[in-house]
């Protein structure tokens, strides 16, 4: 069964802001809260799916992938449902919904730092271009990309050197504010400090109070044999650093394999078009053909037809992380010379004379059909003229 649309699940439009999405998620979580729907398995599933929708739409990279490719785009980034049970949801979004919201069902839950949830660093992406030979054999390459790292000036505090952050006056440094909603006491992220529990009075000039700055990074990445364009490799923990001491994000490396001058790739199979002469096709020949392992001798059998395909099993692209490979297809085509010397012309004229007196079966069949078609055409045309003349005489 197809998954429900994330925006539809939260009841927001596709242009909704992050604050709108968070607000809609809180409402939906309240609606489907297991404590308010005891014994209702469907409500629990909706509760989980709303958390999944929020997790994707609250992440800029995953939301962009979802907007462009739908659920498949999110799955390709390792997104989608990351929650085995409702307890996982508390661990991920306790700062959004508040401890009291989850209280009785989860038995409470701690905060990792100063009473608020530590945030994970964002994911980043990098591009890696390979040629076909590199993709076929696997390779270790150096990639270059940007990520946000701890500011050297303020050491991640976000404050001007010599100053320190002050406790937030609205939440008292807890990062959470409490609101009453019916029989629930709901805690939500403090709007003034955005859940950090602190206010930066004098921000660092280098990072503008963010505690992180963009830096160029280079890392080695090991590419398995057989990758194709669109393959995504994940380097765990090599993304943006967390702004408050949490886990780092990941780096996703997107592979592009350049087109080859000889081989056309179809999945894990390779196709190579090879020109041969008329005499080689008719009499057979031994020729050099290209493979991923270099040139090899290959025998063209006598009587080979134009565009005939010969297959070398297991000589195509390897299947990543499996001990198997695709096939190499050799498609031969008969190349007709554009210029001929006198000797060639004389020999071909003699060959044409022989072919005229000894017509090949395929040609004989074709010309027999053509003769019948022409005869039927003129017979029909002659009958039509006769009928027109008779009509004129009657008039």
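Of the strands (runs of 3 or more DSSP E) lying entirely inside region 156-262, those carrying at least 2 residues that are within 20 Å of the chain's Cα centre (by Cα) are 212-223, 232-235, 251-257.
Is it the case that region 58-66 has a residue that's at pLDDT below 75, crowded, with 18+ Cβ neighbours inside 10 Å and within 24 Å of residue 122 (Cβ to Cβ)? No; the residues of region 58-66 include none that is at pLDDT below 75, crowded, with 18+ Cβ neighbours inside 10 Å and within 24 Å of residue 122 (Cβ to Cβ).
Taking each residue of region 278-290 that is at positive phi and looking for partners that are part of a strand (DSSP E or B) with beta-carbon atoms closer than 8 Å, six or more apart or interchain, yields 284/299; 284/300.
Would you mind stating whether residue 204 is surrounded by 20 or more Cβ atoms within 10 Å (Cβ to Cβ) and more than 26 Å from residue 22 (Cα to Cα)? Yes. The residues in region 234-256 that are touching a strand residue (DSSP E or B) at 6+ places or on another chain (Cβ under 7 Å) and free of Cβ contacts under 8 Å to residues at least 24 places away in the same chain can be counted, and the count is 1. Within region 291-323, the residues that satisfy the criterion of being under 34 Å from the mean Cα position of the chain (by Cα), in contact (Cβ under 8 Å) with a residue 12 or more places away in the chain and not in a loop (DSSP other than H, G, I, E, B) are 291, 309, 310, 311, 312, 318.
For region 135-153, does any single residue satisfy the condition of being more than 30 Å from residue 21 (Cβ to Cβ), crowded, with 21+ Cβ neighbours inside 10 Å and touching a strand residue (DSSP E or B) at 6+ places or on another chain (Cβ under 6 Å)? The answer is yes, given that some residue of region 135-153 is more than 30 Å from residue 21 (Cβ to Cβ), crowded, with 21+ Cβ neighbours inside 10 Å and touching a strand residue (DSSP E or B) at 6+ places or on another chain (Cβ under 6 Å). Would you say residue 43 is in a loop (DSSP other than H, G, I, E, B) and surrounded by fewer than 19 Cβ atoms within 10 Å (Cβ to Cβ)? For residue 43, the condition - in a loop (DSSP other than H, G, I, E, B) and surrounded by fewer than 19 Cβ atoms within 10 Å (Cβ to Cβ) - is not met.
Got a sec? Which of 218, 268, 259 is closer than 17 Å to residue 132 by Cα, in contact with a strand residue (DSSP E or B) (Cβ under 7 Å, 6 or more places away or on another chain) and either assigned by TED's automatic domain parsing to the domain that holds residue 317 or exposed (fewer than 15 other Cβ atoms within 10 Å of the Cβ) (or both)? 268 is the lone residue from the list that is closer than 17 Å to residue 132 by Cα, in contact with a strand residue (DSSP E or B) (Cβ under 7 Å, 6 or more places away or on another chain) and either assigned by TED's automatic domain parsing to the domain that holds residue 317 or exposed (fewer than 15 other Cβ atoms within 10 Å of the Cβ) (or both).
The values are calculated or read from the model by the stated rules, or taken from the named source; none is laboratory data. Quantities reported herein were computed from a predicted structural model and do not represent experimental measurements. No Cβ is skipped: glycine too gets one built from the backbone with ideal geometry, and neighbour counts run over all protein chains shown.
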